[in-house]
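What follows is calculated from the coordinates using simple rules that are stated; it is not laboratory data. This structure is a prediction, so every number in the text was calculated from the model and none was measured. Ideal geometry is used to build each Cβ from the backbone, glycine not excepted, and the neighbour counts take in all protein chains shown.
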Amino acid sequence: MATDVIDQLVGAREGDALFDLRTQRPEAKRNAQASYDALFASDDLQHAGRLERLAVAYWAVALAQSPTASFYRDLLAAESAETLSALDFELPRAVTSGPYGDYPEGPLTAENAPGLQWAPPAELSAVVGVKLAAALAHTHLLTYRPRDSSADALQALLDAGWSTTGIVTLSQLVAFLHFQLRVVAGLTVLKGEL
């Protein structure tokens, strides 16, 4: 049986209480792993390559300051130490808190909050390329300012060379990672209580 990534990230092993708890939701466990496999073990890399996926994965979880970042950091290091080094150099300038952004005019505008609008510097773009740099900016947007997602944000990805299918894959990847890190955080708390 293949290793379940969430079990690996929280240190759940067959026979322990956390592992047994996860087996009570077999569909949820199976679907989470299937999502991981579809995003990271896919043979269809035409619209979003392996390096792009791993760089975005590490960036997303590192921005969220999740302990899962070390897992994705190791995967990216094996793929491209140069990309990892460039991301690690830029990370302190990109990490912030949130969420930020503006809601459309209405009752939620009372919750509008200004915040960092990060853009990749020229030095980072020179290392990772324009296409990946745009994906990193989009990942930052989805992580800290999701309410500012817009047609213009998607156009920036198209302009950088992303296909429509690639943009969907990128968005699914970021959404999955945020789901995964929250599941891991919750299970880590439960592990301490079981």
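Laid out as a table, the results:
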quantity: CD proxy at 222 nm, helix term only [per DSSP H run n ≥ 4: -39500 (n - 2.57); per residue of the chain; nearest 500]; calculated: -21000 deg cm²/dmol
quantity: Ranked Tyr72, Tyr144, criterion: other C-beta atoms within 10 Å, fewest first; calculated: Tyr144, Tyr72
quantity: Environment charge at Arg22 (Cβ cut-off 12 Å; Lys +1, Arg +1, Asp -1, Glu -1); calculated: -1
quantity: Approximate spin-label separation Leu91-Gln33, in nm, with each point projected 7 Å along Cα-to-Cβ; calculated: 2.8 nm
quantity: Cα-based helix-to-principal-axis angle, 50-63 vs the chain, degrees rounded to 10; calculated: 90 degrees
quantity: Neighbourhood charge, 12 Å Cβ-Cβ cut-off, centred on Ala135 and excluding it, Lys, Arg +1 and Asp, Glu -1; calculated: +1
quantity: Listed peptides 104-114, 18-28, 45-55, 128-138 by packing density, highest first (mean Cβ within 10 Å); calculated: 128-138, 45-55, 18-28, 104-114
quantity: Magnitude of the charge dipole, the chain, Cβ model with Lys/Arg +1 and Asp/Glu -1, debye to 20; calculated: 240 debye
quantity: Gyration tensor (Cα) of the chain, equivalent ellipsoid semi-axes in angstrom; calculated: 29, 21, 16
quantity: Between helix 26-40 and the chain: long-axis angle, C-alpha atoms, 0 to 90°, nearest 10; calculated: 40 degrees
quantity: Alpha-carbon centroids, region 1-45 and region 110-127: separation in whole Å; calculated: 33 Å
quantity: Counted charge near Leu124, where neighbours are those whose Cβ lies closer than 10 Å (Asp, Glu -1; Lys, Arg +1); calculated: -1
quantity: C-alpha long axis of helix 164-193 to longest principal axis of the chain, angle in °; calculated: 40 degrees
quantity: Relative contact order of the chain, pairs being alpha-carbon contacts under 8 Å that are 6 or more residues apart, as %; calculated: 28 percent
